[in-house]
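Step one of this worksheet: look at the structure below.
Every read-out reported here was derived from the displayed coordinates using simple, explicitly stated rules and does not represent laboratory data. Here the structure is a predicted model, which is why all the values come from computation and not from measurement. All Cβ positions, glycine included, derive from the backbone under ideal geometry; neighbour counts span all protein chains shown.
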Amino acid sequence: MRVLGIDPGSRMTGWGVVEGLGERMTHVGSGTIVLETSVPLGIRLARLYTACLRLVDEWSPAALVLERNFVARNVQSAFRLGEARGAVLAAAGTTGIALHQYAPATVKLAAVGHGQADKRAVGRGVALRLRLTRAPAPDAADALALALCHLHQAPLVARIASAMLAQAQPRMWDRRARERGA
């Protein structure tokens, strides 16, 4: 499974593509999207949206992963982050790609083994997990950590969905049989 992680920001957005085959995780690509602060916010968000469409088109991931919203101390920063997330969410909706979101602590736990890890630790953990010679840029490392998190969580989510479907099936058949008087 190929997964695209995106760590949105109104000035800098990290992205990372990881491919998982069983327990093996492979770095496919990563980088940052730099949005010029001299450009009005609406134009930056439109450029972020377009860049996300290109990433999905170029890498053909099975899923796109974002970090869940969190409460920031600075309200203006929280608004800017929400606006950038909106551009990424719109791109995901436009392409129809499966979208998954994880809490920051869950992402850090998957990448580093510690839910309160700082940015440097996440970079080192991502480099170690993906066998990179050096840590990627911080925003790209965060995006790669998102992709790694999903690759760890996806098998569990699939098993739960399968179990829930299997549990629901007999009930549906039992109800139909009762309706027919059997």
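For the chain, the relative contact order is 27 percent, taking Cα pairs closer than 8 Å that sit 6 or more residues apart in sequence and dividing their mean separation by the residue count. Under 11 Å from a label point 7 Å along Cα→Cβ of LYS119: give me every residue in the stretch 1-19 with its amide N that close. Taking a point 7 Å out along Cα→Cβ of LYS119, the residues of the stretch 1-19 whose backbone N falls under 11 Å are 12. Site pair SER162 and SER77 shows an inter-label distance of 4.2 nm when each label is modelled 7 Å from Cα along Cα→Cβ. Hey, what angle do you get for helix 119-129 against the long axis of the chain, alpha-carbon based, 0 to 90 degrees rounded to 10? Result, in degrees: 60. Amide H to amide H, with H built 1.01 Å from N, SER30 comes under 5 Å of VAL17, counting only residues 5 or more places away or on other chains.
Amide H contacts of MET12: LEU35, each under 5 Å away and 5 or more positions distant or on a separate chain (H built 1.01 Å from N in the peptide plane; Pro and chain starts excluded). Per-residue 3J(HN,Hα) values for the stretch 162-167, derived from phi via the Karplus relation 6.51 cos²θ - 1.76 cosθ + 1.60 with θ = phi - 60°, read 5, 5, 5, 5, 5, 5 Hz in sequence order (x marks Gly and Pro). Listed values for the stretch 136-144 are Karplus-derived 3J(HN,Hα) couplings in whole Hz (6.51 cos²θ - 1.76 cosθ + 1.60, θ = phi - 60°), namely x, 3, x, 5, 5, 4, 4, 5, 5, and x replaces Gly and Pro.
For HIS114, the amide hydrogen comes within under 5 Å of the amide hydrogens of LEU109, counting only partners 5 or more places away or on other chains and with H modelled in the peptide plane.
Our coupling estimate for the stretch 20-37, obtained by passing each phi through the Karplus curve with A = 6.51, B = -1.76, C = 1.60 and θ = phi - 60°, is x, 10, x, 8, 8, 10, 10, 6, 9, x, 6, x, 10, 10, 9, 10, 5, 6 Hz, Gly and Pro reported as x. LEU55 sits among other residues whose Cβ lies under 14 Å from its own Cβ, and their net charge, with Lys and Arg +1 and Asp and Glu -1, is -1.
What does DSSP give for the chain in terms of the percent of beta bridges that are antiparallel, rounded to the nearest 5? If I count the DSSP bridges inside the chain, around 65 percent turn out antiparallel. As an exercise, use a Förster radius of 25 Å and the Cβ-Cβ distance of THR94 and ARG11 to find the FRET efficiency, rounded to the nearest 0.05. E(calc), rounded to 0.05, equals 0.65.
Over the chain, the hull volume per residue, using the convex hull of the C-alpha atoms, is 156 Å³.
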